[in-house]
Amino acid sequence: MPDHGDIKVDIAIIGGGMAGLTAACGLAHYGLEVAVIDAASPPDLTHEAYDGRCSAIAFASVEMFRALDIWSPLEETAQPIHEIRVSDGASPLFLHFDEADVGDQPLGQMVENRHLRQALFFRAGQFQNLHQIAPARPLSISRTDHQAEIVLSNGQHLAARLIIAADGRNSSLRAEAGILTPQWRYDQAGIVASIDHELPHCGIAHERFLPDGPFAILPLKGNRSSLVWTVRADCAEAIMALSARGFEAEVQKRVGDFLGKVSIAGPRWSYPLGLHMAERIIDRRLCLIGDAAHGIHPIAGQGLNMGLRDIAALIEVLVEAARRGEDIGSPFVLERYQRWRRTDNVTLAVVTDALNRLFSNDIAPIRQARDLGLGLVNKMPFLKRFFISHARGTVGHLPRLLKGQAV
Ligand SMILES: Cc1cc2nc3c(=O)[nH]c(=O)nc-3n(C[C@H](O)[C@H](O)[C@H](O)COP(=O)(O)OP(=O)(O)OC[C@H]3O[C@@H](n4cnc5c(N)ncnc54)[C@H](O)[C@@H]3O)c2cc1C
């Protein structure tokens, strides 16, 4: 490699979205030399117009952010989720999850994606051993048994022992590695908007199953909520084209009157919905995290949380390997990461897909069966605790960071 502009690091992360930046902060926190490269510049990534979404961050993921000193700037803007209420259309039966059922900690926290990115940039800026390179993208990558080399569009050359692909759902690194990725589109789009409302939400998240798909009302700080409205793909364009008043009326109809009068706060966005799952998440000196590895329906608000679980496991595997003097890019080390994540990722993809199929229809016998199911779960404390633990992200063989412990 030429000398000019060379950077030698332990790990090069391609993609500085929420997954890539979290991984970068976590690995730098444990002393590894890291570079994170993003095609967009930081001001774009933190601008509301770039991503209007809010994320439900599960309790365990918040524990990781706290353990990595990322959470403190979010303390003021994040809204704790105290309860979750799930209902099926007009059915009076609803499933009720309460933080009091499992202790005294919130089930999770709602954050605006742009705020989370700001907190991540702030934390990333505190490390001497974390190089942020943006805007730039890889022009060429070579991965041998000994190291990986990357030539960037800004002329810089990177050498690393491992590359982490965090470049999102259409990952070019995944494609370049020839990793097969089964995927399909749902015939649905997720329309996202924020609302102001007259009455307080009391930290309660609502998930309503309407015939076209779920309608989520998620509490934000103050008398504000974030909506994720799943609609049929062929209706999305017409809904996006509604006048401000027309859109507000449609939203009020679906929210009902428990929040008083609602008004739309800011723009609306539409996201195509789909599922993809990489057949493997490792290759020679390469591993995948976040949406580069998998993407699921937002029905349970788990996509990013799934990526954060990848990151917690990967950090633990890599940091322990580095401490033992192992080569962190070797197949033996990467295989530990893949083994750890496989079951959880596949299970969540299957469960969210099944939930979406079960609830996004109005076929009478199916509706009756699922209402019966909701009622039963609600009456069985151990089943309720099981679902709450999933929502909080506290099930399975958890990496230490997700328990709020140091690696
Ligand atoms: C409507 C909706 C609601 C959702 N709600 C929730 C929720 O409540 N809770 C939850 O857990 N999840 C939720 N999700 C899922 C969550 O938003 C995603 O899983 C998450 O944003 C993925 O983050 P990421 O960093 O992996 O990918 P991305 O956010 O796609 O980031 C990829 C980054 O890589 C960069 N990049 C791409 N290509 C290159 C390249 N060649 N070179 C350099 N950089 C590159 C991009 O600029 C970008 O910054 C939701 C999803 C949708 C659609």
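The values are calculated or read from the model by the stated rules, or taken from the named source; none is laboratory data. These numbers were taken from a predicted model, which means no experiment stands behind them. Glycine gets a Cβ as well: all are built from the backbone with ideal geometry, and neighbour counts include every protein chain shown. Just the protein is used for accessible areas: all its heavy atoms, side chains included, with ligands, DNA and RNA removed. Shrake-Rupley method; radii C 1.70, N 1.55, O 1.52, S 1.80 Å.
Computed values, structure above
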item: Apportionment of accessible area to carbon and sulfur, the chain, percent (1.4 Å); result: 56 percent
item: Contact order relative to length of the chain, as percent, for alpha carbon pairs under 8 angstrom and 6 or more apart; result: 22 percent
item: Potential lengthening between Lys403 and Asp327 on full extension [0.36 nm per residue; Cα-Cα distance subtracted]; result: 24.7 nm
item: Calculated FRET value between Trp184 and Gln126, using beta carbons and R₀ = 45 Å, to 0.05; result: 0.65
item: The chain: most fluctuating residue of Gly168, Gly31, Gly325 per GNM, C-alpha cutoff 10 Å; result: Gly325
item: Using a Förster distance of 60 Å, the FRET efficiency for Lys8-Val351 (Cβ separation, nearest 0.05); result: 0.90
item: Karplus (6.51, -1.76, 1.60) ³J(HN,Hα), θ = phi - 60°, over segment 102-119, in Hz, Gly and Pro reported as x; result: 10, x, 10, 9, x, 5, x, 9, 8, 10, 7, 4, 5, 5, 5, 5, 4, 4
item: Estimated vicinal HN-Hα couplings, Hz - segment 41-52 in sequence order (Karplus 6.51, -1.76, 1.60; Gly, Pro = x); result: 8, x, x, 5, 5, 9, 7, 4, 5, 6, 7, x
item: Neighbour-limited loop hits for GluC sites (Glu not before Pro), segment 145-206 (at most 12 other Cβ within 10 Å; DSSP other than H, G, I, E, B); result: Glu198
item: Net dipole in debye of the chain [+1 Lys, Arg Cβ; -1 Asp, Glu Cβ; about Cα centre; nearest 20]; result: 600 debye
item: Reference-scaled alpha-carbon Rg (2.2 N^0.38 Å with N residues) for the chain; result: 1.00
item: Residue-averaged 222 nm ellipticity for the chain, from DSSP H runs of 4+ at -39500 (n - 2.57), nearest 500; result: -11000 deg cm²/dmol
item: Diffusion constant of segment 266-317 at 37 °C, which comes from Stokes-Einstein with the Kirkwood Cα-pair radius and 0.692 mPa s, µm²/s; result: 264 µm²/s
item: 5 angstrom amide H check on Asp88, placed H, neighbours 5+ away; result: Phe209
item: Segment Ala233-Ser389, length gained on full extension (0.36 nm per residue, minus Cα span); result: 52.9 nm
item: Furthest towards positive pole of dipole, Gln405, Ala165, Tyr271, structure part the chain, Cβ charges; result: Gln405
item: Lys, Arg +1 and Asp, Glu -1 on Cβ, resulting dipole of segment 1-141 about Cα centre, debye, nearest 20; result: 400 debye
item: Where a label projected 7 Å from the Cα of Lys261 along Cα→Cβ would reach, residues of segment 184-210 with amide N under 20 Å; result: 194-201
item: Nearest-0.05 FRET efficiency for Lys379 and Tyr50, computed from C-beta distance (R0 60 Å); result: 0.85
item: Normalised per residue, the volume of the convex hull around the Cα set of segment 314-407 (Å³); result: 107 Å³
item: q = 0.11 Å⁻¹: log10 I(q)/I(0) that the Debye formula gives for segment 141-222, counting C-alpha atoms only; result: -0.64
item: Folded to 0 to 90 degrees: helix 244-255 orientation relative to the chain principal axis, Cα; result: 70 degrees
item: Ellipsoid semi-axes in whole angstrom, largest first, where each is sqrt(5λ) of the Cα gyration tensor of segment 129-286; result: 42, 19, 15
item: Principal axis box of segment 207-354, alpha-carbon based, largest edge first, Å; result: 62, 34, 23
item: Exposure rank, largest accessible area first [Leu180, Leu398; 1.4 Å]; result: Leu180, Leu398
item: Candidate residues Arg143, Arg323, Arg341, Arg367: accessible-area rank, largest first, probe 1.4 Å; result: Arg323, Arg367, Arg143, Arg341
item: GluC sites (Glu not before Pro) lying in DSSP loop within segment 298-348, provided at most 15 other Cβ fall within 10 Å; result: Glu326
item: Square roots of five times the Cα gyration tensor eigenvalues for segment 290-334, Å; result: 28, 10, 5
item: Net lengthening on full extension, Gln368/Ser243 (0.36 nm per residue, minus Cα-Cα); result: 41.4 nm
item: Residue of Cys287, Cys25, Cys202 that the Gaussian network model of the chain assigns the largest fluctuation, springs spanning Cα pairs under 10 Å; result: Cys202
item: Two-decimal Rg to Rh for segment 1-144 - Kirkwood Rh, Cα set; result: 1.09
item: Distance between segment 248-316 and segment 14-84 - C-alpha centres, whole angstrom; result: 14 Å
item: In the chain, lysine pairs with alpha-carbon atoms under 27 angstrom apart (chain gap of 8 or more, or interchain); result: 6
item: Compactness of segment 165-204, expressed as Rg and Dmax over alpha-carbon positions, Å; result: 18.5, 52
